[in-house]
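To start, the structure itself, in structure tokens.
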Amino acid sequence: MTDKLREQFDEMVVFKDLKGMSFLKTLKLPSFLRDWVLKKFEDEDGNFDTQELLDFVNTYMPRKEEWISIKERIVTSYEHVKLLTKINVDISIKTGKVSFSLPEFGLESKETIIEAHIWDTIKNELVKSSDTWGIVELGYRPPDDSVKPKIVGKIKLTDFTSFCPYDTDLDFFKDVRSELDINEWIVILLGAMDYNSAGYEDERNRLAMLKRLLPFVEKNLNLIELAPKGTGKSYVFGNISKYGLLTDGGKVTRAKMFFDTARNTPGFIVGHDYVAIDEVKLVKFGDVNEMRSVMQGYMERGRCEVNGHEVVSDAGVVFLGNIETDNMDEYKNMLTELPSLFQESALLDRMHGLIKGRDIPPMQPGLKISGWALNTEYFCTVMHLLREDMSYRAIVDQIVEVSDGAYERHVEAVKKLTTAFLKLLFPHVKSVEDINRLQFKTYCLQPAVKMRKIVQLQLEELDPKEYKKEEKQMPTFSLRKDV
């Protein structure tokens, strides 16, 4: 399999030894950054100079607590400093000035500027999305009291180099998939996530892990995962994709999540492929009624209104919770340990599916990848691009048949989940004629129905009077025979 992977994907593979390279863990880099660095320093046999790699990381990827010393070098010593980090760009409608922020270091746009002559040379890279990873070069524009209006001191961007210097060819990715069988593909997907397929007991466990990638490939897909501790929920949602966001608990408010009217700035939901809220069991959701109302509206339509400001996004919302193993029974109320926000059926109904974490084994050394695997930075970019491809949903609409009188939310949830499975597992499919019907049913439709069925069972526990009605029962999904 290794030879086939390297032959097919060529430059897009990297040698990962997460069991042996213990120093990689101490660097605390997200997977997409770690693989980028490994790729930069590895030779064709996967070997690299450890000290050379560490020197690069220490120079260009300092820790957050080093920001004060970095700022001192820029502001008082007038040094130009290069960092590999995420940059957000903002263009003021009122003044026309361009500024930026570095969220990893807490540098806000009000403290920065991108001068016009610099902006003209780098804007093509920075306008592609609201935040971009790359090597930024920072300098200082000192204050000047001799002119009117007075010029205040600001950190300025003097250069930018894209983190991803290559163009990702989605057609190439799809063509490679067409040369592999489903078992080989599952191995590749897990390797891209840093996991060793051979470490799992069976296919059921492997596919349960892959369900976590569904919001990476499908827009506005909302999930909840309830699992024991130590199954890697936070790792997947916080490390695999540079396009997603994992919030680490604490207090989640309407201002943080959707729109801050005091600062007139959008919240987490804007500019990301998904927002995963970790440790929901411990999260405080501010004004619960306000959060429930705004959250329900957004999860239903992908848009909401906050004090006259319309917030629109493609981001899915993912809730991650640890619950006791004894409570992991879909035929009982599994939400009793969660905050009051989750004790109302209307919010749960807008979650497309539930991931049963008990199907995912706890993390142990045998599950960590040790060998050649798909570069996670490349993989997360592919998943991001797959979100834009509407042809998969058209195929699902064409081939999936639903029984009469079906509850619309059940239908939409199953079709969205089925579409996400199709993108993830069979990205090479271009039409209904390309589909192996048995595989489509086994790997796409049936898992989608099961994930939504668990939501339905929980809805019946929360509100039996409403959700045990015949019109809100799960419909029958099948494959059309005439296509």
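The values are calculated or read from the model by the stated rules, or taken from the named source; none is laboratory data. Just so it is clear, the model here is predicted, and its values are computed rather than measured. All Cβ positions, glycine included, derive from the backbone under ideal geometry; neighbour counts span all protein chains shown.
Determine if the stretch 30-48 includes at least one residue that is hydroxyl-bearing (Ser, Thr, Tyr) and either surrounded by fewer than 18 Cβ atoms within 10 Å (Cβ to Cβ) or farther than 27 Å from residue 235 by Cα (or both). No, the stretch 30-48 contains no residue that is hydroxyl-bearing (Ser, Thr, Tyr) and either surrounded by fewer than 18 Cβ atoms within 10 Å (Cβ to Cβ) or farther than 27 Å from residue 235 by Cα (or both). Of the residues screened, residue 248 is not one that is closer than 29 Å to residue 364 by Cα and touching a His at 6+ places or on another chain (Cβ under 7 Å).
Which residue, of 93, 114, 87, is touching a Lys or Arg at 6+ places or on another chain (Cβ under 8 Å) and not acidic (Asp, Glu)?
The match here is 114.
When 90, 35 are checked against the criterion of being in contact with a strand residue (DSSP E or B) (Cβ under 8 Å, 6 or more places away or on another chain) and in a helix (DSSP H, G or I), a single residue qualifies: 35. From the list 411, 382, the lone residue that is surrounded by fewer than 18 Cβ atoms within 10 Å (Cβ to Cβ) and in contact (Cβ under 8 Å) with a residue 12 or more places away in the chain is 411. Only one of the numbered conditions (1) of a type in the set (A, V, I, L, M); (2) surrounded by 15 or more Cβ atoms within 10 Å (Cβ to Cβ); (3) outside the structural domain of residue 232 (by TED's automatic domain parsing); (4) out of contact with any Gly (no Cβ under 8 Å at 6 or more places or on another chain) is not met by residue 12, and that is (3).
Which ones in the stretch 46-88 are among the polar types (S, T, N, Q) and under 25 Å from residue 13 (Cβ atoms)?
Those that are among the polar types (S, T, N, Q) and under 25 Å from residue 13 (Cβ atoms): 47, 50, 51.
Contact annotation: residue pairs with Cβ atoms under 6 Å, 6 or more positions apart or on different chains, pairing a residue in the stretch 234-260 that is over 16 Å from residue 321 (Cβ atoms) and at pLDDT 90 or above with a partner that is surrounded by fewer than 16 Cβ atoms within 10 Å (Cβ to Cβ) and not small (Gly, Ala, Ser), are 254/290; 259/309. Within the stretch 248-301, the residues that satisfy the criterion of being of a type in the set (Val, Ile, Thr) and touching a helix residue (DSSP H, G or I) at 6+ places or on another chain (Cβ under 8 Å) are 252, 253, 261, 269, 275, 280, 288, 294. Scanning the stretch 9-32 for residues being part of a helix (DSSP H, G or I), in contact with a helix residue (DSSP H, G or I) (Cβ under 7 Å, 6 or more places away or on another chain) and among the charged types (D, E, K, R) gives a total of 0. Residues in the stretch 368-379 that are of a type in the set (Phe, Trp, Tyr) and surrounded by 21 or more Cβ atoms within 10 Å (Cβ to Cβ): 378, 379. Screening the stretch 367-483 for strands (runs of 3 or more DSSP E) wholly inside it with 3 or more residues that are more than 22 Å from residue 192 (Cβ to Cβ) and of a type outside the set (Lys, Arg) returns the ranges 400-402, 477-479.
When residues in the stretch 194-205 are screened for being without any contact (Cβ under 8 Å) to a residue 40 or more places away in the chain and either hydroxyl-bearing (Ser, Thr, Tyr) or buried (at least 20 other Cβ atoms within 10 Å of the Cβ) (or both), 1 of them pass.
Residue by residue through the stretch 268-303, note down the ones that are in a loop (DSSP other than H, G, I, E, B) and touching an Asp or Glu at 6+ places or on another chain (Cβ under 8 Å). Answer for the stretch 268-303, where residues must be in a loop (DSSP other than H, G, I, E, B) and touching an Asp or Glu at 6+ places or on another chain (Cβ under 8 Å): 271, 273, 278, 279, 281, 302.
Here is a list: 426, 440. Which entry is within 24 Å of the chain's Cα centre (by Cα) and surrounded by 15 or more Cβ atoms within 10 Å (Cβ to Cβ)?
Numbers: 440 fails: within 24 Å of the chain's Cα centre (by Cα).
Residue meeting the stated conditions: 426.
Search the stretch 443-462 for residues being touching a Ser or Thr at 6+ places or on another chain (Cβ under 8 Å) and under 16 Å from residue 350 (Cα atoms), and hand back the single one that is surrounded by the fewest Cβ atoms within 10 Å (Cβ to Cβ). Can you show your working first?
Let us first name the residues in the stretch 443-462 that are touching a Ser or Thr at 6+ places or on another chain (Cβ under 8 Å), namely 444-445, 448, 459, 462.
Checking which are under 16 Å from residue 350 (Cα atoms) leaves us with 448, 459, 462.
Details: 448: 27, 459: 20, 462: 18.
The selected residue is 462.
Within the stretch 58-76, is there a residue that is surrounded by 14 or more Cβ atoms within 10 Å (Cβ to Cβ), under 24 Å from residue 239 (Cα atoms) and among the acidic types (Asp, Glu)? Give the derivation first.
Our first condition is that a residue be surrounded by 14 or more Cβ atoms within 10 Å (Cβ to Cβ); within the stretch 58-76, this holds for 60-62, 67, 70-71, 73-75.
Remaining after also requiring under 24 Å from residue 239 (Cα atoms): 60-62, 67.
If we keep only those that are among the acidic types (Asp, Glu) too, we end up with none.
Checked against the condition, which is being surrounded by 14 or more Cβ atoms within 10 Å (Cβ to Cβ), under 24 Å from residue 239 (Cα atoms) and among the acidic types (Asp, Glu), the stretch 58-76 yields no hits at all.
Pick from the stretch 122-179 the residues that are polar (S, T, N, Q) and modelled with pLDDT under 90: which of them is farthest from residue 3 (Cα to Cα)? Spell out the reasoning first.
Going through the stretch 122-179, the residues polar (S, T, N, Q) turn out to be 124, 129-130, 132, 146, 158, 161-162, 168, 178.
Those still in the list that are modelled with pLDDT under 90 too: 124, 129-130, 132, 146, 161-162, 168.
Details: 124: 37, 129: 36, 130: 38, 132: 33, 146: 67, 161: 33, 162: 30, 168: 22 Å.
Taking the candidates together, the pick is 146.
Tell me yes or no: at least one residue of the stretch 170-182 is surrounded by fewer than 16 Cβ atoms within 10 Å (Cβ to Cβ) and of a type in the set (Val, Ile, Thr). Yes, the conditions are met somewhere in the stretch 170-182. Given the options 377, 290, 401, name the one that is without any contact (Cβ under 8 Å) to a residue 60 or more places away in the chain and assigned by TED's automatic domain parsing to the domain that holds residue 245. After applying the criteria, what remains is 290.
Residues that are farther than 22 Å from residue 448 by Cα and out of contact with any strand residue (DSSP E or B) (no Cβ under 8 Å at 6 or more places or on another chain) number at least 1 in the following helices (runs of 4 or more DSSP H) confined to the stretch 143-258: 170-178, 233-239, 254-257. On the stretch given as the stretch 94-116, residues that are assigned to a helix (DSSP H, G or I) and touching a helix residue (DSSP H, G or I) at 6+ places or on another chain (Cβ under 7 Å) total 0.
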